[in-house]
Each structure stands twice: as C-alpha cells, then as structure tokens.
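A.B. asks: Before anything else, here's the structure in question.
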Amino acid sequence: EFYGLIACSDVFIHFGSTAGFEALLLDTRVITINLVDLKESLFKQENCRLMFDDDAGQVISYHDSLKQTLEFSLQHQDELRIKRKRFVRKYCYKGDGKAHERAVTYIYSLLFSSQEEEEKSKRERMKE
C-alpha cells in the first residue's frame, strides 16, 4: 500500500528518510527538507547522499520556499525524470524484476570459474 501511494504521487516530500530513495526508484519526484540547516554539500555527505549525486532529488532548507520548489519540479518534469532514470541505472541497474536472476547467474559464474581455476591448477601440479 505504501509503495502504491508513492508511485501514484506527483511529488514525495520527506525529511531525509530512506523512503525518498524508494520514491526515486519508483520514478517519483523527491523533495527533501533539510531540517537541521546544514550546508548542502555537508548534507549530501551525511544524509541520503546517494539521492543527490546526480541531482535526482531536490534539497531545500526548512526556511526555503516549498511552493517555488514544487513549481520548479512541475515545470522541469522531463529534465528531472531523466536524472531519476540515470540515478536508478547507476545504483540499481534496471528495475525489471530480474535482479535475483542476475545475482544467481553472477554467483554461479564465480563458483564455476573458481572450480575451473582449481581444476586447472591441479592439472598443472600433476604435470610437475
């Protein structure tokens, strides 16, 4: 139910929660209100840094205008969508529901490559 609400929202406004990250993954615009008034660069390092690497979300101070930020968000929908998509590709690859398959395939490749290397090493020792 929570994810359904985020997915159908025009904008997700939060105060540094990990739910902002999930909203980006669901391709919802994110506005983070910085309640402790840290400088933006420090805020990026300390809280929810990943979300702001590519300006995928917007950060405002508690004394900034939420109205202006919302208007900007609505006026620049396409630009912000591209940034969200780039963010998801960078940190999550793609949301196609097949992450578990890719993980299993990768693990098997590691297992089989290590087995092959071990067998190769045994063959080389036998030759000596």
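The values are calculated or read from the model by the stated rules, or taken from the named source; none is laboratory data. Just so it is clear, the model here is predicted, and its values are computed rather than measured. All Cβ positions, glycine included, derive from the backbone under ideal geometry; neighbour counts span all protein chains shown. Surface areas here come from the heavy atoms of the whole protein model, side chains and all, with no ligands, DNA or RNA. Shrake-Rupley method; radii C 1.70, N 1.55, O 1.52, S 1.80 Å.
A.B. asks: If the chain between GLN68 and VAL11 were fully stretched, how many nm would it gain, using 0.36 nm times the residue separation less the Cα-Cα distance?
C.D. replies: Stretched fully, the GLN68-VAL11 segment lengthens by 19.2 nm.
A.B. asks: Protein chains only, probe 1.4 Å: how do ILE33, ILE82, ILE13 rank by accessible area, largest first?
C.D. replies: ILE82, ILE13, ILE33
A.B. asks: Quick one: which residues, 5 or more positions from ILE13 or on another chain, have an amide H under 5 Å from its amide H? H modelled 1.01 Å from N in the peptide plane, none for Pro or chain starts.
C.D. replies: Distant-sequence amide H within range of ILE13: ILE31.
A.B. asks: Shifting gears a bit: Between SER113 and LYS85, with labels modelled 7 Å along Cα→Cβ, what's the label distance in nm to one decimal, could you check?
C.D. replies: Distance between the two pseudo-spin positions: 3.1 nm.
A.B. asks: Right, next: Could you compute how much accessible surface LEU70 exposes when probed at 1.4 Å, giving the result in Å² to the nearest 10?
C.D. replies: Result for LEU70: roughly 50 Å² accessible.
A.B. asks: Let me ask something additional. Which of the trypsin sites (Lys or Arg not before Pro) found in the stretch 54-128 are in a DSSP loop and have at most 13 neighbouring Cβ atoms, other than their own, within 10 Å?
C.D. replies: Those satisfying the criteria are LYS94, LYS98.
A.B. asks: Now for a different question. Counting only protein chains, not ligands or nucleic acids, how are PHE15, PHE87, PHE21 ordered by accessible area (probe 1.4 Å), most first?
C.D. replies: So the residues, ranked largest to smallest area, are PHE15, PHE21, PHE87.
A.B. asks: Just reorder GLU116, GLU101, GLU22 by solvent-accessible area, largest first, 1.4 Å probe, all chains present.
C.D. replies: Reading off the accessible areas and sorting them downward yields GLU116, GLU101, GLU22.
A.B. asks: Taking 7 Å along the Cα-to-C-beta vector as the label spot, tell me the SER121-ARG102 distance in nanometres, rounded to one decimal.
C.D. replies: Roughly 3.0 nm, to one decimal.
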